[in-house]
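One structure is given below, encoded as structure tokens.
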Amino acid sequence: MKVKVAEKCGFCHGVENAISLAEKVLAKGMPVYSLGPIIHNKDIVRKLARKGLKTVSRIDQIGEGTVLVRSHGLAPRQIAEIKKKGLSIVDATCVLVKRLQKIAKQLEKAGYEVVIIGDKNHPEVQSVVGCLKNSSVVASGEDLRKLPKNKKLGIVCQTTQSAEHFGQVVGSIVREGFSEIRVINTLCREAQKRQASAVQLCKNVDVMFVLGGLDSANTRKLAELCKKYNWQTYHLQNWKEFDKKKVSGKKVVGVTAGASTPKWVIDEFVSTLEAVNRKKIRK
Ligand code: SF4
């Protein structure tokens, strides 16, 4: 059995930056808080928690110290609340999320009703919604009835969506007959490269493993795309969830990982899978 790893997979710049900023602040020995998990990967959250990073769900749970704004960003209202409490802020918002927030605000200022194609429950989308007076979040073509018929629409997209999905939803909006729409491509190139690389690989393997947090939007998108082209695709958090039956009789196995999956999770998975293959260990 041959194990092939996607050419582009694992940590992106935004995630690397958030972890390195967290480590720098923690090294100063001050209390550091993250509103929600710093990244959608339990292994990294646990590692940083051991160094002192506290994950909370609300600002009122923070008494003193520094708040690390994770790569998904925060709404201006939340930033103002943190400042009002006299807490320090370390901003790890990814530059591409900042770009999306800026574009959405510019569209609103120019008189467009902003439409965000994405998941309304995702923190990145919530941070963008929080920058605007009015907006609509559309997950798929089925949500179009939410859109105001008589307005001109300014369309952006959650950074980690696929180009395919973005295009499909924009196409559906056009077919609805809106007279004026302006579309700005706010997709993340890093996520796009991981998706293209995963799709290319999954088409040429017998079984595909996508590694990463189950609540990681970009990892879920990778798994969803791979499943389209290879039904034998499995989204696992790490090696512990591996089931040997999935590779029984398979000749070529593909592995990819989301932008929030550390390299050691990928390396551990590949090396242990190769060892299982050589029958050196039992699983
Ligand atoms: S996936 Fe893209 S948008 Fe998200 S943190 Fe990474 S670089 Fe930024």
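A few comments on the model shown:
- Cross-chain or 6+ apart pairs with Cβ under 6 Å, region 191-214 first and in the same structural domain as Gly258 (by TED's automatic domain parsing), then among the acidic types (Asp, Glu) and assigned to a loop (DSSP other than H, G, I, E, B): Ser197/Glu7
- Of the residues making up region 191-223, those that are part of a helix (DSSP H, G or I) and more than 16 Å from the ligand (Cβ to nearest atom) are Val199, Gln200, Leu201, Cys202.
- Matching residues, region 232-260, being among the small types (Gly, Ala, Ser), closer than 26 Å to Ser71 by Cβ and assigned to a loop (DSSP other than H, G, I, E, B): Gly258, Ala259, Ser260
- No other residue among Ile39, Ile44 is buried (at least 22 other Cβ atoms within 10 Å of the Cβ), at pLDDT below 95 and assigned to a loop (DSSP other than H, G, I, E, B) apart from Ile39.
- Qualifying residues in region 60-90 (those that are part of a strand (DSSP E or B) and either buried (at least 17 other Cβ atoms within 10 Å of the Cβ) or assigned by TED's automatic domain parsing to the domain that holds Ser127 (or both)) - the one farthest from the ligand (Cβ to nearest atom): Thr66
- Among residues of region 240-283 being among the hydroxyl-bearing types (Ser, Thr, Tyr) and in contact with a Cys (Cβ under 9 Å, 6 or more places away or on another chain), the one that is farthest from Ile38 (Cα to Cα) is Thr256.
- Residues of region 224-283 classified as hydroxyl-bearing (Ser, Thr, Tyr), under 30 Å from Thr159 (Cβ atoms) and more than 16 Å from the ligand (Cβ to nearest atom), total: 3
- Per-region count, region 1-33, residues within 16 Å of the ligand (Cβ to nearest atom), basic (Lys, Arg) and outside any loop (DSSP other than H, G, I, E, B): 0
- Every test in (1) more than 21 Å from Asp215 (Cβ to Cβ); (2) surrounded by fewer than 20 Cβ atoms within 10 Å (Cβ to Cβ) is passed by Asp119 save one, and that test is (1).
The values are calculated or read from the model by the stated rules, or taken from the named source; none is laboratory data. Quick caveat, the model's predicted, so the values are computed rather than measured. Glycine also receives a Cβ, built like all others from the backbone with ideal geometry; neighbour counts cover every protein chain displayed.
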